[in-house]
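These notes are about the structure you will find just below.
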Amino acid sequence: MTEGISKRIYRIQFALLSPEEIRKMSQIKIITADTYDDDGYPIERGLMDLHLGVIEPGLKCATCGGKVDECPGHFGHIELAMPVVHVGFIKEIKTFLDATCKRCGRIKLTEDEKKAYLQRINALNNENSDIDSMSLLVKRITDEASSRTVCPYCDAQQIKVILDKPTTFREEGIKVTPKEIRERLERIPDEDLIFFGMNRTAARPEWMVLTVLPVPPINVRPSITLDTGERSEDDLTHKLVDIIRISQRLRESRDNGSPQLIIEDLWDLLQFHVTTYFDNQTAGIPPARHRSGRALKTLVQRLKGKEGRFRSNLSGKRVNFSARTVISPEPFLSVNEVGVPELAARELTVPMTVNRFNIETAREFVKAGPAPRDQFGRYLPGVNYILRPDGRRIKVTKENADENSKRIDIGWSVERQLAEGDIVLFNRQPSLHRMSMMGHTVRILSGRTFRFNLAVCTPYNADFDGDEMNLHILQKEEARAEARIIMKVQEQMLSPRFGGPIIGGIHDHITAMFLLTHNNPLYSEEETVHMLSFVDVDEMPDHEIINGKKFYRGRDIFSTILPKGFNIKFRSKLCSGAGEKCEYEDRIEDKDVFIKDGKMLTGTIDEASIGPFSGVIIEKIYKKFGPHEGARFVDRMTRLAVGFLSTRGFSTGITDYDIPEEAVKSIAETSRKALEKIGTLIDSYNKGLLEPMPGRSLEETLEMEILGVTGEARDESGKIASAQLGLSNPSVIMARSGARAKMLNISEVAGMVGQQSVRGGRINRGYTQRTLPHFSWGDIGAEARGFVESSYKQGLNPLEYFLHSIGGREGLVDIAVRTSRSGYMQRRLINAFEDLKVDDSRRVADTVGAIIQFKYGEDGIDPTRSDMGKTLDLNYIEFDQKESAEA
Amino acid sequence: MGKFNVLNHELVPEHYVLDSKEEEKVLRELGITKDLLPKINKSDPAIIALEQSHGDINPGSVIKIVRKSPTAGISVYYRVVVSGETVR
Ligand SMILES: [Mg+2]
Ligand SMILES: [Zn+2]
Ligand SMILES: [Zn+2]
């Protein structure tokens, strides 16, 4: 485990800087708030003093003599006129003040108590146990000491110190000055520090009250020169200027004996500046602002949050060899491919180190120049730069290409442009699972967008309403090998989330396959040839001859894309989805999809067969024949779908929802009855005749009853509408096949929208005792509480429309809240799990080797390779063996 | 009301204290030292309940936990007892 490691961190110690240490590490004491003189030269002992380092070319560091890139920068220091507390240690200072005697400074524990606690501390130290248990013990000790009101040593009565946030301490309303605080902290004896979890060799409590402030090197706060020649200083410099100014004024006032009030004001101001210098978002004080009104970015702001140093610069970085543009669909690409615009391909390069095997190829590439094309004007990869063995870069132009191709030799490097077949990484944010970044092979296309097969929308969660995606060009052979073997789309078709396919046909693919196979329709030879021309078939499927003409069955056409030797039998979505009892239950032709030796015999192909998440056919082909066959099936299935729809045609519209006059009437009747029922319910509630349900109040009972009635009304009208809309209706085809929408949506359009709700109840907000001023106070009737009687097709009346919008908004708010919360949860999980590893014995351990799980997930099963979460699908294996034996 | 023994609860897995022989065998099979095992506080309710029948359990003892698992049937886990501080 330790191979190849030459140095290992033994330990890290955190300590406080003492005033002496700050002075010692300082190269110069800063005394003036000015930065540059009129000539633009740094003022001596100012905040830009040359001892603090150089950032301007031409100047030399007064400390180390180094030039711009040689000098690392050096600290300076400011002597504060009066001490101020450090905001970062407020909590600790409070604990120290609470737990120690204000007079003698000792921790308020008896000798016996101290001895007992010391033993426990030492025991914990020896045991090398985790920090949490130590901090818990310390907390208990300090809590006990703080609760003492009389000092066990000098009998002094203790006064409770109250923290007036953020930095003021008070005793009985009287302010305790930082100077006084510091003196008290100084009195705490070294041997008591261990009870606070403080190590004497690393820190003294009084160092948490500042008397000296380190001035960071100018490299940390460089000034920038604007185009106008004006100098603009860093926010930290601005803050330091403030600190020096106030410190100076405070010193003057104190020395010439100004009134106490003025001194205190200046002291508070100094405290404010030092506090905001550390953290400009301290609760309780207004943030220091720029003249423009922008809040200053001080030390804490540089580190914290999404834009802070950690998350923005250390955990995440900008990279080279990448491209980003809008995405669009291209059904003729394989799921494994990505279309890259020529424009991008010319900029993106792959390095090629020249050796004796590839030198001729490399020469040819260079010779072609930076923008070669073949005789038909098609893209060919060129070369933008060549690199000499010493690292010098030479730009290849049309003119020098020939000459450069002769110059290159073994050891040189050629940066070749992207070529067809290169493997690249393709990614869409938010990258929530591993399928958000997959390997694709490149196809160079015209245009300006990235393109890919529609089946890959699901893992990326992409659509084409303006989504952009990123492309990364792999630079090393090892990376390319890894991408090909484990990251390629075909290797990622099964999701580790549920052990089923995450890639499959969507929308039109499902519609098309449904229409192609439902009731096994006949297609003329012409139509069949058109469809199959989209797929690479070796031979035509079986045909039937009717009236002397050749006809082909839909299921036989579908069978052409199935691999030989494939067997499966399962219930289709068409049959499983519809309510209590499936209307196709008794029709064997429709109930089960049955495929034997790659030939489809019965059933209807729909979401349950080829959809992402549920597609059994995709899953079983993938598991039996491997990633290549799995991807090939999806490729051909999506193409066949396009081929099919381009001959048959498919469209939907508002006329899908036309229902006969009688149906409209009977829906109106349903809603009238519902309103009537609600009326009687409210009536009996008002009369006090309503029986409360067990464990419910009367009001809750009423609400539940009403919700039941409205739900029934919607279902009933949905049934009436659906009865008029059969499987010849495009909208119904989409809903029943699982291509898009649910039957519920259809009944909302054709039948009735139904009860609107907020948090599971009827709408009950807005004005006092009513949702809108159109209703009377206390109206709890159906209309007043968001029952929408109309259908979307009829249109909603203004009141319905308004209440509908209230319900609709809840959905939007939910999504916004959910995403931000789950994002944060995921961040914490990722950070907690990032260095856990499963070894070859399937044991989960961290980097130290400490065991987390003895067997990954208790059973050692990789969920990706599981069968929808189960270890094995024995039923299928048995079925497949039986069918294979028969064939 | 008598104090409820947490080990009798349906959702609490079986806990066993290993004797030194078993302990050695387990560590040898796993090929690790004791400090790499997952930890359990001496103040953990399961340890306290176990102490009722087993007597005092010292830090450093190894506890064998047998859990029911929907996919694996039974899964075995080991934890070493530590004397952690807890707020009570
Ligand atoms: Mg979008
Ligand atoms: Zn220097
Ligand atoms: Zn005292």
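The values are calculated or read from the model by the stated rules, or taken from the named source; none is laboratory data. Treat the numbers as computed from the prediction; the structure is a model and nothing was measured. All Cβ positions, glycine included, derive from the backbone under ideal geometry; neighbour counts span all protein chains shown. The protein model used for the area step is the full one, side chains on, heavy atoms only, and it has no ligands, DNA or RNA in it. Shrake-Rupley method; radii C 1.70, N 1.55, O 1.52, S 1.80 Å.
Numbers for the structure displayed
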{"read-out": "Amide hydrogen neighbours beyond the local backbone of B:E14, cut-off 5 Å, H modeled", "value": "B:V66"}
{"read-out": "Hydrodynamic radius of region A:86-208 per Kirkwood, over alpha carbon pairs, in Å", "value": "14.9 Å"}
{"read-out": "Average other protein chain Cβ within 10 Å of Cβ, residues A:851-858", "value": "5"}
{"read-out": "For region A:446-486 and region A:238-286, distance of Cα centres in Å", "value": "56 Å"}
{"read-out": "Neighbouring partner chain Cβ atoms per residue of A:865-874, average, 10 Å criterion", "value": "1"}
{"read-out": "Portion, in percent, of the accessible area of region A:508-648 that falls on carbon or sulfur, probe 1.4 Å", "value": "49 percent"}
{"read-out": "Residue-normalised accessible area of chain A, expressed per residue, 1.4 Å probe, Å²", "value": "54 Å²"}
{"read-out": "Coarse-grained scattering of chain B at q = 0.21 Å⁻¹, given as base-10 log I(q)/I(0) from a Debye sum over alpha-carbon atoms", "value": "-1.10"}
{"read-out": "Accessible area of A:T282 in the full protein assembly, 1.4 Å probe (Å², nearest 10)", "value": "20 Å²"}
{"read-out": "Pairwise centroid distance, computed over Cα atoms, of region A:14-53 with region A:794-809, Å", "value": "66 Å"}
{"read-out": "Under Karplus coefficients 6.51, -1.76 and 1.60, residue-wise ³J(HN,Hα) of region A:374-387 in Hz, glycine/proline x", "value": "8, 4, 9, x, 8, 4, 10, x, x, 10, 8, 9, 10, 10"}
{"read-out": "20 Å Cα-Cα reach of A:K719 towards lysines, excluding residues that sit fewer than 8 places from it in its own chain", "value": "A:K573, A:K581, A:K665, A:K673, A:K677, A:K742, A:K793"}
{"read-out": "Only Lys, Arg (+1) and Asp, Glu (-1) charged, at Cβ; the protein assembly as shown dipole about Cα centre in debye", "value": "1840 debye"}
{"read-out": "Under the Karplus curve 6.51 cos²θ - 1.76 cosθ + 1.60, θ = phi - 60°, whole-Hz ³J(HN,Hα) for region A:851-865, x wherever Gly or Pro sits", "value": "7, 9, 9, 6, 9, 3, x, 6, 10, x, 8, 7, x, 4, 8"}
{"read-out": "Cβ-defined net charge surrounding A:A295, 11 Å radius [Lys, Arg +1; Asp, Glu -1]", "value": "+2"}
{"read-out": "Residues of chain B: accessible area per residue with a 1.4 Å probe, Å²", "value": "64 Å²"}
{"read-out": "Reach of A:K115 by Cα under 14 Å, taken over aspartates and glutamates that are not fewer than 8 positions away in the same chain", "value": "A:E191, A:D192"}
{"read-out": "Chain B: relative contact order in percent, alpha carbon pairs under 8 Å with at least 6 residues between", "value": "34 percent"}
{"read-out": "Accessible surface of region A:86-208 [probe 1.4 Å, protein heavy atoms]: carbon and sulfur percent", "value": "50 percent"}
{"read-out": "Cα-derived Rg to Rh of region A:222-318, Kirkwood definition", "value": "1.09"}
{"read-out": "Among A:738-744, A:764-770, the order from most to least packed when residues are scored by Cβ within 10 Å on average", "value": "A:738-744, A:764-770"}
{"read-out": "B:S53 accessible area, assembled protein chains, probe 1.4 Å, Å²", "value": "100 Å²"}
{"read-out": "Neighbourhood charge, 12 Å Cβ-Cβ cut-off, centred on A:Q755 and excluding it, Lys, Arg +1 and Asp, Glu -1", "value": "-4"}
{"read-out": "Whole-Hz ³J(HN,Hα) from phi, Karplus 6.51 cos²θ - 1.76 cosθ + 1.60, for region A:659-669, glycine and proline x", "value": "10, x, 3, 4, 5, 4, 4, 6, 5, 4, 5"}
{"read-out": "Accessible area, probe 1.4 Å, largest first, for residues A:F426, A:F570, A:F650", "value": "A:F650, A:F570, A:F426"}
{"read-out": "Solvent-accessible area of A:R231 with every protein chain in place, 1.4 Å probe, in Å² to the nearest 10", "value": "80 Å²"}
{"read-out": "37 °C / 0.692 mPa s Stokes-Einstein diffusion coefficient of region A:590-710, Kirkwood radius on C-alpha pairs, µm²/s", "value": "163 µm²/s"}
{"read-out": "Whole-angstrom gap from region A:411-439 to region A:830-852, using each part's C-alpha centre", "value": "28 Å"}
{"read-out": "Compactness of region A:426-562 - radius of gyration and Dmax, Cα, Å", "value": "19.4, 63"}
{"read-out": "Peptides ranked, highest mean first, by Cβ atoms within 10 Å: ranges A:807-813, A:643-649, A:713-719, A:879-885", "value": "A:713-719, A:643-649, A:879-885, A:807-813"}
{"read-out": "Contour minus Cα-Cα distance for A:S135 and A:N797 (0.36 nm per residue)", "value": "232.0 nm"}
{"read-out": "Inter-chain shielding of A:119-125 (mean C-beta neighbours from other protein chains, 10 Å cut-off)", "value": "1"}
{"read-out": "DSSP-loop GluC sites (Glu not before Pro) across region A:121-202, with at most 13 other Cβ within 10 angstrom", "value": "A:E172"}
{"read-out": "Region A:837-884, relative contact order [Cα under 8 Å, separation at least 6], %", "value": "20 percent"}
{"read-out": "Rg ratio (alpha-carbon, reference 2.2 N^0.38 Å) - region A:322-492", "value": "1.10"}
{"read-out": "Degrees between helix A:178-187 axis and first principal axis of chain A (Cα, 0 to 90, nearest 10)", "value": "80 degrees"}
{"read-out": "Sequence of A:K175, A:K60 from largest to smallest accessible area, 1.4 Å probe", "value": "A:K60, A:K175"}
{"read-out": "Charge sum, other residues only, whose C-beta stays under 11 Å from B:Y77's C-beta, Lys/Arg counted +1 and Asp/Glu -1", "value": "+2"}
{"read-out": "Set of region A:608-648 residues, backbone N closer than 20 Å to the point 7 Å along the Cα-Cβ line of A:N745", "value": "A:608-615"}
{"read-out": "Two-decimal Rg/Rh across chain A, once Rg and the Kirkwood Rh are taken from alpha-carbon atoms", "value": "1.06"}
{"read-out": "Solvent-accessible ranking of B:H15, A:H51, largest area first, probe 1.4 Å", "value": "A:H51, B:H15"}
{"read-out": "More than 20 angstrom apart: percent of Cα pairs within region A:508-648", "value": "43 percent"}
